[in-house]
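Asker: Sending over a structure as C-alpha cells; questions will come in a sec.
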Amino acid sequence: MLPLSLLNLAVSPGSRSLADRRCFCAAAAAAVIATPPQAVAASPTTAAIYDAEASAYDAAYADSLVSRAVGFDSLRRSVATRAHGDVLELGVGTGLNLPFYEPASVRTLTGIDASSGMLELARRRAGDLPLGPRVTLRIADAAALPFPDSSFDAVVDTFGLCVFEAPGAVLSEV
C-alpha cells in the first residue's frame, strides 16, 4: 500500500508503566508474528497511560543514560533523514524524531498518536522547527488509518510497533 521506511526499536509490550519497559527486539518481532492482521483499535487505557507519562517521557527516553548508550538519537536521525515527500509517522509521541527530518526532502509530515498529551508536546516541538508549518499532528489509530490508500510516500515508525496493541494489524494497514 505505501512505501515503507521502518525502524523498530522494540520495547517490551507487557509492562503497564513506561518506566518498566525494556528494549527487546525479539519480543516485538514475536508479537508481530503472533498478532493476526485484523484492525484492533488502541484502547483508552493505552492513551491514558501515555497521557499520564507524557510530561516525563522525554527525560526518560530522550535524555537518559540508556538512550545515550544505545544511540537512540543516531538511530532516529538515520530513519528520519531517509524520509521524503509526504511522510506519515506512526506513534509520533512527543515528536522526538521531528528535529531529524530534512525540510528540503519532506513536503508534508503527518504524525499520529493515540495520546493527546504526547501530541501536545509534539506540537510545541514542531513549532520551533523549520519544518513546523508543514507538520500536522492528530489522534489516530495506526491499525485503522484515516487516510486514503497511497496518501504518503514514506511511513516512519521508530518505537511504535513495540507498543501498538496489534502490531501485525498496523503492518497490514501500512
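Asker: Considering every residue within segment 127-143, establish whether at least one is closer than 19 Å to GLU53 by Cβ, part of a helix (DSSP H, G or I), in contact (Cβ under 8 Å) with a residue 40 or more places away in the chain and not polar (S, T, N, Q).
Answerer: Among the residues of segment 127-143, not one is closer than 19 Å to GLU53 by Cβ, part of a helix (DSSP H, G or I), in contact (Cβ under 8 Å) with a residue 40 or more places away in the chain and not polar (S, T, N, Q), which makes the answer no.
Asker: Kindly provide the set of residues from segment 117-128 that are open to solvent by 30 Å² or more (accessible area, probe 1.4 Å) and either of a type in the set (Ser, Thr, Tyr) or more than 14 Å from the chain's Cα centre (by Cα) (or both), ordered by number.
Answerer: GLU120, ARG123, ARG124, ARG125, GLY127, ASP128
Asker: LEU131 versus (1) within 17 Å of the chain's Cα centre (by Cα); (2) farther than 20 Å from PRO167 by Cβ; (3) hydrophobic (A, V, I, L, M, F, W, C): which is the lone unmet condition?
Answerer: Here LEU131 clears every test but (1).
Asker: Suppose we keep only residues that are open to solvent by 40 Å² or more (accessible area, probe 1.4 Å) and among the charged types (D, E, K, R) within segment 143-165. Which one would you say is farthest from the chain's Cα centre (by Cα)?
Answerer: ASP149
Asker: Now for a different question. Just give me the residues in segment 70-93 being exposed (fewer than 14 other Cβ atoms within 10 Å of the Cβ) and out of contact with any Lys or Arg (no Cβ under 8 Å at 6 or more places or on another chain), in sequence order.
Answerer: VAL70, GLY71, SER74, SER78, THR81
Asker: Could you check segment 54-69 and list, in sequence order, the residues that are under 22 Å from GLU120 (Cα atoms), open to solvent by 60 Å² or more (accessible area, probe 1.4 Å) and either touching a Pro at 6+ places or on another chain (Cβ under 6 Å) or not polar (S, T, N, Q) (or both)?
Answerer: Scanning segment 54-69 gives ALA59, ASP63.
The values are calculated or read from the model by the stated rules, or taken from the named source; none is laboratory data. Fair warning: this is a prediction, and the values are worked out from it, not measured in the lab. So basically every Cβ, Gly included, is an ideal-geometry build from the backbone, and we count neighbours across all protein chains shown. Quick note on the areas: whole protein, heavy atoms, side chains included, nothing else; ligands and nucleic acids left out. Shrake-Rupley method; radii C 1.70, N 1.55, O 1.52, S 1.80 Å.
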